[in-house]
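Here is the structure we will look at.
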Amino acid sequence: MIIVMKKGASQEAVRELEENLQSRGFQIHESMGVTQQVLGIVGDTSVLDPEEFLVNPNVDKALRVQEPFKRANRMFHPEDSIIDVSGVKVGGRKFTVIAGPCSVESQPQMNTIAASVKKSGAAMLRGGAFKPRTSPYSFQGLGDKGLDMIRAAGTAQHLPIVTEIMSADKIDEFVEKVDLFQVGARNMQNFTLLKELGKTNKPILLKRGMSATVEEWLMSAEYIMSEGNENVILCERGIRTFETYTRNTLDLSAICAVKRLSHLPVIVDPSHATGKAWMVAAMARAALAAGADGLIIETHNDPRHALCDGAQSLTLEDFDSLMKDLRRIAPVVGREM
């Protein structure tokens, strides 16, 4: 349920209402609409009658929220959320690009890529230190050494780093070294991990599961937010369909759906969605036009010899060309880079 306060309602009146609800066991989520304050009530609101709030002279309206996700719901937070990742803003008018290799392979590799993507205009550096792979015989990443390598490359170029966390026992180390925690598609419904991440204050990049509905995806965000961490960025990375030509099917309509249902920013991963480097630029341009808040793109200095996902990785030259295209498109659709 949400309660919309009347324009000009005093903070004293708001606090009195909040204290009454908290004494009855409810949690309150405060947000500000264009002109009015909104109180989101979390708990078993079936016992509440909206009519009881309308007798309060400071309340404009009380509405039930039908969707199961509450904190992620736009009704709870009418304005778009803007997530700060170590000084880089994601959401609002900003269009943010994250770039780097699928996996960290060596320090020279990371240094080369970081310097190049920074020059091209990337705002954050990605790279996998711990790699969840379908086959147990595939390269699994360099682990802690890889994490130190991407941290060093990011620090040298003043780029926040993004890397995937696979288990809760790594949270303390990630809090110290990582700016944006990535939860991969395979872990989207690892609820134990999501709840532990919710106890941190670090921004979380939550990828959509390959077979997840938009509601299931938002419910996973709700797991993080319900523990107190509201710094969530959603990532559409393609879903599994009957089509086999591409690695996945990029669901650009999900951007529109999320924007209608939720206040959280959503970015797009055209690399994992298509699995083909020659498709990435076109899908990246389409994502910007469709309303995405950013992109995460696999970029490699030598894709043909990459240890992981070389077929979907852009060369540094192709990434630079794409960034030039995006800078031309962004103003046309009301975005800034």
Do we have residue 106 as surrounded by fewer than 15 Cβ atoms within 10 Å (Cβ to Cβ) and either without any contact (Cβ under 8 Å) to a residue 24 or more places away in the chain or outside the structural domain of residue 206 (by TED's automatic domain parsing) (or both) here? no
May I ask you to list the residues in segment 54-67 that are in contact with a helix residue (DSSP H, G or I) (Cβ under 8 Å, 6 or more places away or on another chain) and not in a loop (DSSP other than H, G, I, E, B)? 59, 61, 62, 63
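Give me a count of the residues in segment 1-35 that are of a type in the set (S, T, N, Q) and either in a loop (DSSP other than H, G, I, E, B) or not assigned by TED's automatic domain parsing to the domain that holds residue 47 (or both). If you could, list the steps in order and put the result at the bottom.
Of the residues in segment 1-35, the ones of a type in the set (S, T, N, Q) are 10-11, 20, 22-23, 27, 31, 35.
Within this subset, residues satisfying the condition of being either in a loop (DSSP other than H, G, I, E, B) or not assigned by TED's automatic domain parsing to the domain that holds residue 47 (or both) are 10, 23, 35.
Adding up the residues that qualify gives 3.
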Which residues, counting only those in segment 223-232, are crowded, with 20+ Cβ neighbours inside 10 Å and outside any loop (DSSP other than H, G, I, E, B)? 223, 224, 225, 232
Answer yes if at least one residue in segment 184-204 is part of a strand (DSSP E or B), closer than 28 Å to residue 284 by Cβ and touching a residue at least 60 places away in the same chain (Cβ under 8 Å), and no otherwise. no
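Select from segment 233-280 the residues that are among the β-branched types (Val, Ile, Thr) and assigned to a strand (DSSP E or B) and write down the one among them that is surrounded by the most Cβ atoms within 10 Å (Cβ to Cβ). Spell out the reasoning first.
If we filter segment 233-280 for residues that are among the β-branched types (Val, Ile, Thr), which is where we start, we get 233, 239, 241, 244, 246, 249, 255, 258, 266-268, 274, 280.
Going one step further and asking which of them are assigned to a strand (DSSP E or B), we end up with 233, 239, 249, 266-268.
Working: 233: 27, 239: 20, 249: 16, 266: 26, 267: 24, 268: 30.
Looking at the filtered set, the residue picked out is 268.
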If you check every pair at least six apart or on different chains, which have Cβ atoms under 8 Å apart with a residue in segment 41-60 that is outside the structural domain of residue 26 (by TED's automatic domain parsing) and closer than 9 Å to residue 1 by Cα first and a residue that is among the aliphatic types (A, V, I, L, M) and assigned to a loop (DSSP other than H, G, I, E, B) second? none
Return yes when residue 171 is in contact with a strand residue (DSSP E or B) (Cβ under 6 Å, 6 or more places away or on another chain) and of a type in the set (Val, Ile, Thr) and no when it is not. no
Residues of segment 71-102 classified as more than 17 Å from the chain's Cα centre (by Cα), at pLDDT below 95 and crowded, with 20+ Cβ neighbours inside 10 Å, total: 3
Considering each of 226, 220 in turn, give the residue that is modelled with pLDDT under 95 and of a type in the set (Ser, Thr, Tyr). 226
Residue 70 part of a strand (DSSP E or B) and under 30 Å from residue 174 (Cβ atoms): no
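Whether any residue in segment 72-88 is in contact (Cβ under 8 Å) with a residue 12 or more places away in the chain, farther than 19 Å from residue 228 by Cβ and among the β-branched types (Val, Ile, Thr) is what I want to check. Quick ask: steps written out before the conclusion?
At the first step, the residues of segment 72-88 found to be in contact (Cβ under 8 Å) with a residue 12 or more places away in the chain are 72-88.
Add one more test, that the residue is farther than 19 Å from residue 228 by Cβ, and what stays is 74-75, 78-80, 86-88.
Those still in the list that are among the β-branched types (Val, Ile, Thr) too: 88.
Yes, the conditions are met somewhere in segment 72-88.
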Which condition number in (1) surrounded by fewer than 22 Cβ atoms within 10 Å (Cβ to Cβ); (2) modelled with pLDDT of 95 or more; (3) under 18 Å from the mean Cα position of the chain (by Cα) is the one that residue 332 fails? (3)
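The values are calculated or read from the model by the stated rules, or taken from the named source; none is laboratory data. Please read all numbers here as calculations on a predicted model, not as lab measurements. Glycine gets a Cβ as well: all are built from the backbone with ideal geometry, and neighbour counts include every protein chain shown.
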